[in-house]
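The values are calculated or read from the model by the stated rules, or taken from the named source; none is laboratory data. For clarity, every value in this text was computed on a predicted model and none was experimentally measured. Cβ placement follows ideal geometry from the backbone for every residue including glycine, while neighbour counts extend to all protein chains displayed.
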């Protein structure tokens, strides 16, 4: 009997590992780097490897203080080993996602049992927003893994665990600060304070906050890089790293990313697909079960993150991802008792229909956009949706519909099948198609410039708040591309096709999907050459 139980446990563990690997790693390099964020992170990493400066990130040759250093270090490690490839830049996020899954599985198994641990991993590995987050070369997956690790470690400590749990929490918080800044401290400190206050145990919270060993660990990890960056860059670093983050929360919406107090509600309903229904049901049941310390802790964690960012002036969908870990744990706790086919499968069917209608949505954009560049990209996107994509997407929608009413099988089994299928459609069908449509021409233009050894300048590629639209071009070109001011006579430029009329006489060298590399005619005698500078300041989400 013991041997049979061990065999079952081993099989389930292997299946969960296969699920995480398939969701987070398979096809990781199937699409080019997405601009702006992926391109900016990858280019900063490339310049770090080129210059050997491991202290200050640079974008286009200029110091770039928008994010701390840890993600760049991780990407540089893999890029050094694997080369400047999409997989190398995205591996830190995928590995952070895998570690995130392991941490939640281990915690849920300890406090809720093996079955709930398995469901927690299923929800993490098949939720739309998580998949999109852990498969991109940004700092969000790493931050959320570290945030979850610090919160779970503190709960273990509060539940009577050894002091090493507090030291672990301090370590993860410090690493989180190196990954994305003060948010890695604000969320754990406030959530644990509120939880201990409701538990009438603020003395334990106070002792944890000023624990000498924990404080020393935090400072030893978080402070050295900040000091080194300040010594190297002075007040420009502190002004950008600290005040820029504070101002985007309370003063000015970054790049116009703003919204009302209920901004995150529709995003949560969409990005939690295909599990939105069962998660809503689980939240309702959790609010009726707040007498349990674990449930109370997870609810405080979830609610604080959503409310905290709802008050922020700058709003972006990925800001609320730190609220997902407690939601997954709560959902795993109540999931086996959810019997309604509507709540279990209607959101999955909705997501399947979104995948089926994705080409139609692309057509809608191309038909109604006023931006000629967006129209050109959307028009070219149709070629990336082949008959194979339509077949699989329609089959996924039909399967979700059938399983919605096929009551002869357990709901948990049916949810698992539909979730895995939708994850495969996203990773192997939709994401590569969208990636090639949006970024394939940028990558190909950079490869063309590299192959022809062209000294290219950016020209008229800006938009309000972001003066550099395609940092990935520098990654694939493997060179810093200057930003031309004025009309760059005699130079090769990367520009939108719609801007060619303002370039004057020119020769088109490369043109695809609204993007062009052209060589302007040389200046006449006595004409003044345009000034070319390294890529100016750019802003990242």
Determine whether residue 347 is surrounded by 20 or more Cβ atoms within 10 Å (Cβ to Cβ), at pLDDT 85 or above and either in the same structural domain as residue 147 (by TED's automatic domain parsing) or within 20 Å of the chain's Cα centre (by Cα) (or both).
-> no
Exactly one of (1) under 18 Å from the mean Cα position of the chain (by Cα); (2) modelled with pLDDT of 95 or more is unmet by residue 106. Its number?
-> (1)
Hey, does the range 497-506 have a residue that's assigned to a strand (DSSP E or B) and over 31 Å from the mean Cα position of the chain (by Cα)?
-> yes
Unmet requirement for residue 251, which otherwise passes all of (1) at pLDDT below 90; (2) buried (at least 19 other Cβ atoms within 10 Å of the Cβ) = (2)
Scanning the range 495-514 residue by residue, those free of Cβ contacts under 8 Å to residues at least 24 places away in the same chain and under 19 Å from residue 380 (Cβ atoms) turn out to be 500, 508, 511
Residue within the range 471-482 that is touching a residue at least 24 places away in the same chain (Cβ under 8 Å), within 22 Å of residue 133 (Cβ to Cβ) and in contact with a strand residue (DSSP E or B) (Cβ under 9 Å, 6 or more places away or on another chain) present | yes
Residue 371 is checked against (1) out of contact with any strand residue (DSSP E or B) (no Cβ under 7 Å at 6 or more places or on another chain); (2) surrounded by 15 or more Cβ atoms within 10 Å (Cβ to Cβ); (3) within 23 Å of residue 502 (Cβ to Cβ) and fails just one. What number does that condition carry?
-> (2)
Answer with yes or no whether residue 381 is touching a helix residue (DSSP H, G or I) at 6+ places or on another chain (Cβ under 7 Å), crowded, with 22+ Cβ neighbours inside 10 Å, farther than 24 Å from residue 116 by Cα and touching a residue at least 12 places away in the same chain (Cβ under 8 Å).
-> yes
Does any residue of the range 129-151 turn out to be surrounded by fewer than 21 Cβ atoms within 10 Å (Cβ to Cβ) and not in a helix (DSSP H, G or I)?
-> no
From the residues in the range 504-539 that are modelled with pLDDT under 85 and buried (at least 20 other Cβ atoms within 10 Å of the Cβ), which one is nearest to residue 140 (Cα to Cα)?
-> 538
Scan the range 32-55 and give yes if some residue there is closer than 28 Å to residue 240 by Cβ, free of Cβ contacts under 8 Å to residues at least 12 places away in the same chain and outside any loop (DSSP other than H, G, I, E, B), otherwise no.
-> yes
Scan the helices (runs of 4 or more DSSP H) fully inside the range 376-477 and keep the ones with 2 or more residues being under 30 Å from residue 341 (Cβ atoms) and at pLDDT below 90.
-> 387-405, 411-425
Inside the range 402-429, the number of residues satisfying the requirement of being surrounded by fewer than 17 Cβ atoms within 10 Å (Cβ to Cβ) and farther than 20 Å from residue 20 by Cβ is 7
In this structure, is residue 78 crowded, with 18+ Cβ neighbours inside 10 Å, assigned to a helix (DSSP H, G or I) and without any contact (Cβ under 8 Å) to a residue 24 or more places away in the chain?
-> yes
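I need a count of the residues in the range 289-310 that are free of Cβ contacts under 8 Å to residues at least 60 places away in the same chain and more than 15 Å from residue 272 (Cβ to Cβ).
Matching residues across the range 289-310 total 11.
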Residue in the range 327-336 that is surrounded by fewer than 19 Cβ atoms within 10 Å (Cβ to Cβ), touching a helix residue (DSSP H, G or I) at 6+ places or on another chain (Cβ under 8 Å) and touching a residue at least 12 places away in the same chain (Cβ under 8 Å) present | yes
Kindly check whether there is at least one residue in the range 19-42 that is over 21 Å from the mean Cα position of the chain (by Cα) and crowded, with 17+ Cβ neighbours inside 10 Å.
-> no
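Got a sec? Which of 328, 342 is within 24 Å of residue 101 (Cα to Cα) and in a helix (DSSP H, G or I)?
Answer to the selection: 328.
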Quickly run through the range 203-237 and pick out the residues that are crowded, with 17+ Cβ neighbours inside 10 Å and within 12 Å of residue 173 (Cα to Cα).
-> 214, 217, 218, 221, 222
Out of all the residues in the range 57-73, which are more than 14 Å from residue 181 (Cβ to Cβ), surrounded by fewer than 22 Cβ atoms within 10 Å (Cβ to Cβ) and within 23 Å of the chain's Cα centre (by Cα)?
-> 58, 63, 73
